[in-house]
């Protein structure tokens, strides 16, 4: 093996470039870019030497080693020179003793294939239970929790990692959380997290503080409504939690989102919780499509150490992800809950991925009504629409995590996950298709 220089005595590459490179030919990725994980204590000069040997340039520091709780070094985005194949770059970089691992910069995509009108008219089946009116035994049973006055998750925060979301929507505005350390509009980074005026979150795709950019942010807005659409207001829909604090880390744009920005989005919420001590219990991750990334898995683990659940869509390829993984749902981190999609008749949706060990639980995912932005007479207005996908199943589980946390103060992430998995209802279509064989049931939360 050729050594490209470095500090003698460092361990060899610790990532899974074999998994990454195996997916390279068939999985969308950013051309001419790789992520490079340096070992701790590698100097700036040594880093420059590492990338110079292959004619590359250090583009961006994604995760600073000094900030990390896992004691790893800096993770950086590196631009490759024209003509250098990503696979060759990864192999060359991983032969360097200063590099722990290198990997492609994958591209991810959304996983889409009360007196509130959509609840009372029979449309909002994902919130129904067998004892609600209207009723559907295959719903999340949220309506039964509401009947016990369990609607208020106002002490709980949830992070949406997705597109942006319409925080001014008539059914979301009251639940839009704001960064407690930031003063709106003063053009300063008041809380020192590196982001200026990140009041409602941050747009990592656009590199600005605008987490809502118009009707193209429909997917993120739809997810938000299922988690926390305002209930009991006589408008539109109701989320699992009628009151809650939502914040957004936008990393999916019109062309999808990259691993680099996904890592920054996950770390954004980890930092927000640790920096401000807020009760942020989960992030919703209704996206997927990239290959294996050690960098992203490490970011999810940092969230785990901070007590944040990472609730992920199983994906919409209709395949067994035990045999053919779908990331991020397939990562082994203990804070992940991977969610399959059910149709309103209790069957596993035809598009939904499944896996007896890789997927945890099923939840309503087909024909789900929720909030969206719409255009009317040249203006962006509040609207509602029905979408289907594991993207729609996932926020039911995220809302469940918030509901349990609200009525069980001090519950750990592990305890919340256990409650979600242990309170499920056995469902024949999920037998052998997910770890529990159950569908979501929040009636006792």
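What follows draws every value from the coordinates through simple rules; no lab data is involved. Remember, predicted model here, so these are calculated numbers, not experimental data. Note that each Cβ is placed from the backbone with ideal geometry, even for glycine, and that neighbours are counted across all protein chains shown.
Based on C-alpha pairs under 8 angstrom that are at least 6 apart in sequence, the stretch 17-106 has a relative contact order of 43 percent. How high is the FRET efficiency from residue 137 to residue 418, r the C-beta distance, R0 22 Å, rounded to 0.05? After rounding to 0.05, the efficiency reads 0.40. Based on DSSP H segments of at least four residues, each scored -39500 (n - 2.57), the chain has a per-residue ellipticity at 222 nm of -7000 deg cm²/dmol. At full extension, residue 147 and residue 178 could sit 8.2 nm farther apart than now, given 0.36 nm per residue minus the alpha carbon distance. Between residue 19 and residue 155, the simple spin-label model (points 7 angstrom out along Cα→Cβ) gives 3.7 nm. Applying 1/(1 + (r/R0)^6) with R0 = 30 Å to the Cβ-Cβ distance of residue 41 and residue 334 gives a FRET efficiency near 0.55.
In this label model, residue 64 and residue 27 are separated by 3.0 nm, measuring between points 7 Å along each Cα→Cβ vector.
At R0 = 41 Å, how high is the FRET efficiency between residue 88 and residue 320 if r is their beta carbon distance? Nearest 0.05 is fine. Computed FRET efficiency for residue 88 and residue 320 comes out at 0.80.
When both bridge partners sit in the chain, DSSP labels roughly 55% of those beta bridges antiparallel.
Classified by the C-alpha gyration tensor, the stretch 17-106 has a prolate form. Its axis ratio a/c, with a ≥ b ≥ c, is 1.5 or above, and a/b is larger than b/c. Please work out whether the stretch 388-438 counts as rounded, prolate or oblate from its C-alpha gyration tensor, where a ≥ b ≥ c are the square roots of the eigenvalues and a/c under 1.5 means rounded, while otherwise a/b larger than b/c means prolate and anything else oblate? In terms of gyration-tensor shape, oblate. With each label modelled as a point 7 angstrom along the Cα→C-beta vector, the residue 255-residue 188 pair spans 3.7 nm.
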